[in-house]
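Trainee: Could you have a look at this structure, given as structure tokens, before my questions?
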């Protein structure tokens, strides 16, 4: 088989990413109705500058590119819509309302069952800036890295889109 495959005229990468982001929405929708079962909890990493993201200015200042949040014990008002979710979280004991479109999500991890989705982000600069940990996600970076290294139940979407 040749390495010179023709460029696809079908946007497979976009279709698959959209479908996997729908998984995140469906899971969050069920959690919004019934609560988190057992030991399940989620680490959600998203681009803070993505269109539709609404977070308080103090969080934008602290996380200018990317941020990871945890949905576990202390969250409230989880609302799930077709294209985004909203949630209340506390950072340094300051209640904050966040609006996060699914299109802004770069990683979704449920460490209780070693499940992770990682989304390709088309960054012109070669990747996201390293980001400081949010106060409600003490172990998030370690859990995401562990899930990615382990490889079990990790789905990474990157079809090597040609530019």
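Trainee: Condition first: over 26 Å from residue 94 (Cβ atoms), more than 18 Å from the chain's Cα centre (by Cα) and in contact (Cβ under 8 Å) with a residue 12 or more places away in the chain. Now tell me which residues in the range 9-60 satisfy that.
Mentor: If the condition is that a residue be over 26 Å from residue 94 (Cβ atoms), more than 18 Å from the chain's Cα centre (by Cα) and in contact (Cβ under 8 Å) with a residue 12 or more places away in the chain, then 12, 38, 39 are the ones that fit.
Trainee: Of the conditions (1) more than 17 Å from residue 115 (Cβ to Cβ); (2) in contact with a helix residue (DSSP H, G or I) (Cβ under 6 Å, 6 or more places away or on another chain); (3) assigned to a helix (DSSP H, G or I), residue 50 fails just one. Which one is it?
Mentor: Tallying (1) more than 17 Å from residue 115 (Cβ to Cβ); (2) in contact with a helix residue (DSSP H, G or I) (Cβ under 6 Å, 6 or more places away or on another chain); (3) assigned to a helix (DSSP H, G or I), residue 50 fails exactly one: (3).
Trainee: If you don't mind, there's one more thing I want to ask. Output the number of the condition that residue 122 fails; it satisfies all remaining conditions of (1) more than 15 Å from residue 44 (Cα to Cα); (2) touching a helix residue (DSSP H, G or I) at 6+ places or on another chain (Cβ under 7 Å); (3) modelled with pLDDT of 50 or more.
Mentor: The one condition residue 122 does not meet is (2).
Trainee: In contact with a helix residue (DSSP H, G or I) (Cβ under 6 Å, 6 or more places away or on another chain), surrounded by 11 or more Cβ atoms within 10 Å (Cβ to Cβ) and assigned to a helix (DSSP H, G or I), is that true of residue 29?
Mentor: Considered against the rule, which asks whether it is in contact with a helix residue (DSSP H, G or I) (Cβ under 6 Å, 6 or more places away or on another chain), surrounded by 11 or more Cβ atoms within 10 Å (Cβ to Cβ) and assigned to a helix (DSSP H, G or I), residue 29 comes out as no.
The values are calculated or read from the model by the stated rules, or taken from the named source; none is laboratory data. The structure presented is a predicted model; accordingly, all values stated were derived computationally and were not measured. When we count neighbours, we look across all protein chains shown, and the Cβ atoms used for this are built from the backbone with ideal geometry, even at glycine.
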